[in-house]
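Contents: one structure, followed by commentary.
The values are calculated or read from the model by the stated rules, or taken from the named source; none is laboratory data. Values in this document were obtained by computation on a predicted structure and should not be read as measured data. Methodologically, a virtual Cβ is constructed for each residue, glycine included, from the backbone with ideal geometry; neighbour enumeration extends over all protein chains shown. For accessibility, only protein heavy atoms count, side chains too; no ligands or nucleic acids. Shrake-Rupley method; radii C 1.70, N 1.55, O 1.52, S 1.80 Å.
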Amino acid sequence: MMVSKSKDDALEIERRKAQLPRQPYTVEETGLGFLFLVELLAKILFLRGQLRLMDLAQHSKLSIGVLEPLLAFMRTERLCEVTRSSETETATIYNLTELGRLRAQDFLQKNQYAGAAPVSLNAYIDQVHQQSIATMRVTREKLAQAFSGLVMKQGILKQFGAAMNSGRAIFIYGPAGSGKTFIAEHLVGLLSDEVAIPHAIVVDNEVIQVFDPLTHTPALPLNEGIVLELDRRKSCDNRWVLCHRPVIKTGGELSLSMLDLDFDESARFYQAPPQVKANNGLLIIDDLGRQLTPAIDIMNRWIVPLDRHVDYLALHTGKKFILPFDVIVVFSTNMPPSKLADDAFLRRLGYKIYVGPLDEGEYRAIARQVCDELQIPYDEAGISYLLRELHYKTGKPLFACIPRDILEQVRDIARYEGIEPRLSEELLDWAWNNYFTHD
């Protein structure tokens with residue numbers, strides 16, 4: 001049984017690796033300039049010291065077929081030398097010469113990027129199109145699974161199912177506490193398939209880091225698939241990382257400058273903006289309207305990307321270029337749509353979904369779930385008191401957040417008093433008065 005499971009695991013890894021681009025085995029096939037790669041290897045050797053050929057391949061994500069002519073050129077130019085060699089070619093150790101160290105310092109002045117070899121802009125564009133979010137399908141069964149156990153109106157669920165199939169932006173609006181953010185975060189469960197994300201891309205010899213371990217979740221170990229043999233043409237290109245479809249979430253901290261390339265003046269290379277890191281996935285913009293930048297300016301920034309599915313970015317040199325915008329953008333806000341954008345922009349959003357108060361049955365269902373989770377005995381009479389004497393008499397709407405917030409405070413005060421938590425009028429009154437402010 002263990003052998004069978006191990007074999008199944010190996011087959012699954014091979015299936016996933018097959019989704020990555022094929023490994024280049026010549027310099028030309030990398031799509032990168034010869035001298036660009038020489039500079040990259042010089043910087044790696046300068047920062048890491050002497051390296052075996054195997055370690056250099058692991059770090060640069062390049063195969064021997066690519067490394068050999070580069071290292072041969074560097075030896076001819078007296079930039080590096082073989083300090084020790086064994087019978088195995090991959091155990092050959094390379095080290096920079098004094099001239100190589102001086103040249104590497106010059107290269108580092110231009111930019112300090114010394115990570116995995118980037119991919120070309122064209123290769124990135126082609127790959128994004130191949131794994132477009134538009135190829136993903138959301139079915140009724142998948143939706144039911146993603147939102148299993150959650151109390152939601154069927155009409156709203158149907159809207160979200162259709163919206164995710166459209167590939168277009170989704171605008172979720174409604175009063176605070178109605179559950180908009182909670183719903184937006186559960187859309188992650190509808191994402192399927194894995195996508196290839198490059199460690200970095202190169203534009204006009206400028207490096208832009210794309211893969212971000214804080215936001216991208218690899219579907220394979222990062223060192224899986226490193227291949228050194230020249231004849232392994234079916235191996236995968238390790239400059240790409242196979243990941244689950246990305247999900248990027250941003251909120252009140254969002255500013256217009258964050259949507260441009262982030263150029264590090266000291267390191268002299270770029271970090272990709274959130275919409276690029278989210279390509280082929282989901283970009284959630286929460287609390288729209290609470291940013292320091294006016295909401296209308298943020299919305300206007302998305303007009304061209306949402307309409308044409310491309311984004312225009314610029315290097316610090318002034319060079320402009322186009323990247324795919326293959327993202328489902330989810331806007332979530334407490335503000336009415338008319339306060340944020342005009343009709344022309346709202347038409348581009350595709351789906352505008354209102355999330356409002358619950359009905360009494362939904363409210364009771366959520367309260368029962370929260371009671372089970374917090375280990376508070378559920379009591380219909382207690383919830384009826386909460387509804388009739390507290391909600392209805394004060395005019396407070398039945399928002400999805402309230403049952404949890406109130407019952408958590410019931411639990412907290414019960415712990416403090418050293419008593420069992422229960423839905424008594426006394427504890428519910430205390431939690432209610434503590435939760436809501438009074439003029």
Worksheet, complete the sentence: Expressed in square angstrom to the nearest 10, the accessible area of residue 106 with a 1.4 Å probe stands at 90
Worksheet item: residue 335 label point, 7 Å along Cα→Cβ, cut-off 12 Å on backbone N: hits in the stretch 262-289?
Response: 287-289
Worksheet item: Residues with amide H under 5 Å of residue 327's amide H, sequence separation 5 or more or different chain, H placed in the peptide plane at 1.01 Å from N; which?
Response: 280
Worksheet entry | Exposure of residue 80 as accessible area (Å², to 10), given a probe of 1.4 Å and all protein chains | 10
Worksheet item: How much accessible area does residue 405 have with a 1.4 Å probe, in Å² rounded to the nearest 10?
Response: 40
Fill in: Simple label model, 7 Å out from Cα along Cβ direction - residue 185 to residue 148, nm
2.0
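In nm, what is the difference between 0.36 nm times the number of residues separating residue 106 and residue 263 and their Cα-Cα distance?
Extending this stretch completely gives an extra 54.6 nm.
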Worksheet, complete the sentence: On the formula 1/(1 + (r/R0)^6), with r taken between the Cβ atoms of residue 120 and residue 343 and R0 of 51 Å, the FRET efficiency rounded to 0.05 is 0.80
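About its Cα centre, how strong a charge dipole does the stretch 287-439 have in debye, to the nearest 20, once Lys and Arg get +1 and Asp and Glu get -1 at the Cβ? Intermediate results must be reported in sequence, preceding the final value.
On the way: 18 positive and 24 negative charges, 215 e Å.
That gives a dipole near 1040 debye.
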Worksheet, complete the sentence: Quick note, the stretch 90-218: a/c under 1.5 would make it rounded; otherwise a/b > b/c is prolate and the rest oblate (a ≥ b ≥ c, C-alpha gyration tensor); here it is prolate
Response to the item:
The simple spin-label model distance between residue 310 and residue 394, using points 7 Å out along Cα→Cβ, in nm, is 5.5
Worksheet item: Of all trypsin sites (Lys or Arg not before Pro) in the stretch 254-321, which ones are in loop regions per DSSP and have a Cβ with at most 13 other Cβ atoms within 10 Å?
Response: 319
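Grab the eigenvalues of the alpha-carbon gyration tensor for the stretch 359-439, scale each by 5, take roots, and send me the semi-axes largest first in whole angstrom.
Numbers: eigenvalues 66, 48, 23 Å².
Equivalent-ellipsoid dimensions as semi-axes: 18, 15, 11 Å.
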Discussion item. Can you give the local net charge around residue 252? Use residues other than it whose beta-carbon is closer than 9 angstrom to its beta-carbon, Lys and Arg +1, Asp and Glu -1.
Written reply: -2
Worksheet, complete the sentence: Surrounding charge for residue 416, neighbours by C-beta under 15 angstrom, Lys/Arg +1, Asp/Glu -1, total -2
Worksheet item: Once the Cα gyration tensor of the chain is diagonalised, what are the square roots of 5 times its eigenvalues, in whole Å and ordered largest first, as equivalent ellipsoid semi-axes?
Response: 52, 25, 21
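By the gyration tensor of its Cα atoms, with a ≥ b ≥ c the square roots of the eigenvalues, what is the shape of the stretch 147-190: rounded for a/c under 1.5, prolate for a/b over b/c, or oblate? Walk me through the numbers before you get to the answer.
Working: a/c = 1.56, a/b = 1.21, b/c = 1.29.
It is oblate, given that a/c is not under 1.5 and a/b is not larger than b/c.
With a cut-off of 8 Å between alpha carbons and a minimum separation of six or more residues, what is the relative contact order of the stretch 86-194 in percent? Each step should come with its number before you reach the end.
On the way: 32 pairs, mean separation 30.2, N = 109.
The value is 28 percent.
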Worksheet, complete the sentence: Between the modelled labels at residue 52 and residue 98 (7 Å from Cα along Cα→Cβ) the distance in nm is 3.0
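Quick one: which of 352/396; 249/277; 153/352; 158/352; 180/352; 158/180 span more than 18 angstrom between C-alpha atoms?
Numbers: 352/396 25 Å; 249/277 11 Å; 153/352 16 Å; 158/352 13 Å; 180/352 12 Å; 158/180 15 Å.
Violating the 18 Å Cα-Cα cut-off are 352/396.
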Item to complete: For the chain, give the share of DSSP beta bridges that are antiparallel, in percent and rounded to the nearest 5; count only bridges with both residues there.
Response: 55
Worksheet item: R0 = 30 Å: FRET efficiency of residue 322 with residue 215, Cβ-based, nearest 0.05?
Response: 0.85
Practice prompt. Would you please give the FRET efficiency between residue 176 and residue 375, computed as 1/(1 + (r/R0)^6) with r the Cβ-Cβ distance and R0 = 45 Å, to the nearest 0.05?
Written response: 0.95
Worksheet entry | Cα gyration tensor, the stretch 185-321 - rounded (a/c under 1.5), prolate or oblate | oblate
